[in-house]
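This report concerns only the one structure given below.
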Amino acid sequence: MATSAALHHYLIEAARRWPENTAVVDPGSGSLRYSELHRLSDRVRDRLRAMGVRSGDRVGLYLRKSTDGVASIYGALKSGAAYVPVDPGAPPSRNAFILQNCGVSALIVESRFVERLRAEHETLGPLPPMIVLESVGSGRGLSTALDALDRKGLAPPTDTIDAAPDALAYILYTSGSTGKPKGVMLSHDNAVSFVDWCSELLEPRTTDRFSSHAPFHFDLSILDIHVCIKHGATLVLIGEDVGKDPERLAQLIAAERISIWYSAPSILALLSQFGRLNELDLAPLRIVLFAGEVFPIKHLRALTRQLPGRRYVNLYGPTETNVCTWYEVKLPIPEDRLKPVAIGKSCSHLQCKVVDSEGETVRRGDEGELVVAGRGVMQGYWALPEQSARAFLAQAKERWYKTGDVVFEDDNADYVYLGRRDRMVKRRGYRVELGEIEAGLYRHPTVKEAAVVAVADEETGVKIKAFLSCREEKHPSLIEMKRFCAENLPTYMIPDTFSWQTALPKTSTDKVDYQRLKEMR
Amino acid sequence: MSDVEYTVKQFILKEFLPGEDPSELTSSTPLITGGILDSLATMKLVMFLEERYGVRFEAHEVDADHLDTVADIAKLVAIKKG
């Protein structure tokens, strides 16, 4: 029997209580009931154990988003291992680095990725034992792969492993400042404390249908998958192509009767502009969650107007803590509101405070860095003891994770996000938050996307470059943009250059790729 | 358009509006209040004008009241040149 502190206990319990409920839907290819998902993940567990996986090991997942992927996640957890999902769209060299870095003892992979991975491994050493899937979708590819392995030799049935609360549940790799991805290690207790907090917030029902919009290597997926499974609800997997196409996506939300939506704001902004939401029946949708970046207020206002009567919740937090603060948006959003919504209050399983550069707590209302302690905070970065130590406040009794985000606490005791510590620059002696310039640019009626970067400049110290995409074919002139900025921003915030793009470059998690923008001329 | 206006316009386009369609910048486009010239850029323009036309600007003249459009600038330069 698994302890309640283990993430996979949610599936075991749900399969016992609601065996016939639909657990996962792969639109277009089928679905699995709880009893089926449980059985399939048991088979993965047995196979992984037979391949030599033991408690405390890591199992890599190199799959497109699918029911097969969900079953693999639970199979890995049941085998006592932590799962390490990699981005199937990322370069094989990056994924090979990740799998090698954390030393996976087995890999569940789609055959289409094997050859290039094998080529990468020629310099890295032998590949780990693999379960190779010819295809994914509704669990059939995984089932077929397990059948094939069984024909060569049955995997003896094993028990599900009781994971200790501090045992690792998954490692998510994020981009590291050195250019190599770093693995954020999260334990069962980290994840379970977060999932249980989500239950308080969302009060999910078995009839709920959760979106799974974020890829599995992105921390938003923790809420999607595990909160859904805990409550016997249905997880609707959204593929990458549909996920980026607002019109098809809106139709899918309606057709799949999604009731709890969670994604980055960027896709919600596109949905509100191009999703033709008013033509669709979206009555089941009751909660809209967003996280990962600032939601430009004009797009949030437009969305809440098109879809009134829902709960809109801004969830904030880095991968290292998952969500650590939350703010429920008060509707309607006034027409004259220009600032984004707050990030709100600390989640109940965590504590937050605001500190100055010395690590001392600031007075209420003063700006400082948000630091987070409590059950949800990561164990550290995989095999990076120095970076792990630096991630926490020095000389503190508790482990306070430093988010790198500058906030202040407003009169309602809500935290207000000001920006990344590393996105604040000094210009002409003024402190400039690049996000504030972006918010200003978004107020221009033809601006569809805006991103601002600061680059070192010999002459002026720092040059501010704006990258924009336009809603219309002919973009406004430089002079018009400068005049618009002069009317909406302090002079020292007016960008030096404006560059129009068809669309802004994005990272694999669909956030604006600032690194690439900095490299663009 | 006077020679001075043309020269000032070319300088502003080159220095502060790279890539802009030249026809967008007219003699009456607001430069300082329009966000094209910030204080640093205005100083740069003044230094260019002083060197090019052998004139001197007083500190109180370096502001939006005197230098906000290409026409204003050309007028002031013309007065200074006598």
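The values are calculated or read from the model by the stated rules, or taken from the named source; none is laboratory data. Given the structure is predicted, the values throughout are model-derived calculations rather than measurements. Cβ: placed from backbone, ideal geometry, glycine included. Neighbour counts: every protein chain shown. Remember, those area values only see protein heavy atoms, side chains included, never the ligands or the DNA or RNA. Shrake-Rupley method; radii C 1.70, N 1.55, O 1.52, S 1.80 Å.
Brief remarks follow.
- The lone exception for residue B:57 - which of (1) open to solvent by less than 60 Å² (accessible area, probe 1.4 Å); (2) within 14 Å of chain A (Cβ to nearest Cβ) it fails: (2)
- Check on residue A:495, within 13 Å of chain B (Cβ to nearest Cβ) and open to solvent by less than 40 Å² (accessible area, probe 1.4 Å): yes
- Evaluation of residue A:482 against (1) more than 13 Å from chain B (Cβ to nearest Cβ); (2) under 19 Å from residue B:41 (Cβ atoms); (3) open to solvent by less than 30 Å² (accessible area, probe 1.4 Å) (one fails), failing number: (1)
- Any hit, the stretch B:36-51, residues being within 12 Å of chain A (Cβ to nearest Cβ), among the charged types (D, E, K, R), over 10 Å from the mean Cα position of the chain (by Cα) and within 26 Å of residue A:485 (Cβ to Cβ): yes
- Any hit, the stretch A:169-176, residues being open to solvent by less than 20 Å² (accessible area, probe 1.4 Å), of a type in the set (Gly, Ala, Ser) and closer than 23 Å to residue A:388 by Cβ: yes
- Residue, farthest from residue A:427 (Cα to Cα), within the stretch A:498-513, restricted to residues that are surrounded by fewer than 18 Cβ atoms within 10 Å (Cβ to Cβ) and within 10 Å of another protein chain (Cβ to nearest Cβ): A:500
- In the stretch A:403-425 there is no residue matching the filter, namely being farther than 23 Å from residue A:295 by Cα and surrounded by fewer than 16 Cβ atoms within 10 Å (Cβ to Cβ).
- Condition check for residue B:17: within 24 Å of residue A:490 (Cβ to Cβ) and either surrounded by fewer than 17 Cβ atoms within 10 Å (Cβ to Cβ) or at pLDDT 95 or above (or both): no
- The stretch A:43-81 - residue that is of a type in the set (D, E, K, R) and closer than 21 Å to residue A:233 by Cβ and, of those, nearest to the chain's Cα centre (by Cα): A:65
Each row is one residue, and each column tells you yes or no for (1) under 24 Å from residue A:478 (Cβ atoms); (2) outside any loop (DSSP other than H, G, I, E, B); (3) small (Gly, Ala, Ser).
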site	(1), (2), (3)
B:5	yes, yes, no
B:8	yes, yes, no
B:18	yes, no, no
B:23	yes, yes, yes
B:31	yes, no, no
B:47	yes, yes, no
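- Residues in the stretch A:250-263 that are of a type in the set (A, V, I, L, M, F, W, C) and open to solvent by 10 Å² or more (accessible area, probe 1.4 Å): A:252, A:253, A:254, A:255.
- Some residue of the stretch A:440-448 being modelled with pLDDT under 90 and either open to solvent by less than 10 Å² (accessible area, probe 1.4 Å) or under 22 Å from residue A:521 (Cα atoms) (or both): yes
- Test for residue A:263: is it within 20 Å of the chain's Cα centre (by Cα) and of a type outside the set (A, V, I, L, M, F, W, C): yes
- Selection of the stretch B:20-32 for residues being loosely packed, with under 15 Cβ neighbours inside 10 Å and either within 15 Å of residue A:494 (Cβ to Cβ) or more than 7 Å from every other protein chain (Cβ to nearest Cβ) (or both) yields B:22, B:23, B:26, B:28.
- Candidate set: the stretch A:82-131, residues that are crowded, with 19+ Cβ neighbours inside 10 Å and more than 18 Å from residue A:58 (Cβ to Cβ); chosen: the one modelled with the highest pLDDT: A:110
- Residue match in the stretch A:463-484 (condition: touching an Asp or Glu at 6+ places or on another chain (Cβ under 7 Å), small (Gly, Ala, Ser) and touching a residue at least 24 places away in the same chain (Cβ under 8 Å)): yes
- Residue in the stretch B:35-42 that is open to solvent by less than 30 Å² (accessible area, probe 1.4 Å) and touching a Cys at 6+ places or on another chain (Cβ under 7 Å) present: yes
- Residue check: residue A:298 meets all listed conditions (1) part of a helix (DSSP H, G or I); (2) under 24 Å from residue A:200 (Cα atoms); (3) touching a residue at least 60 places away in the same chain (Cβ under 8 Å) but one, namely (2).
- Which numbered condition residue B:63 misses (of (1) within 14 Å of chain A (Cβ to nearest Cβ); (2) surrounded by 16 or more Cβ atoms within 10 Å (Cβ to Cβ); (3) modelled with pLDDT under 90): (2)
- So residue A:516, is it within 14 Å of chain B (Cβ to nearest Cβ) and open to solvent by 70 Å² or more (accessible area, probe 1.4 Å): no
- The stretch A:470-479: number of residues that are open to solvent by less than 50 Å² (accessible area, probe 1.4 Å) and within 14 Å of chain B (Cβ to nearest Cβ): 4
- Matching residues, the stretch A:336-355, being open to solvent by 30 Å² or more (accessible area, probe 1.4 Å) and modelled with pLDDT of 95 or more: A:345, A:346, A:348, A:351, A:353
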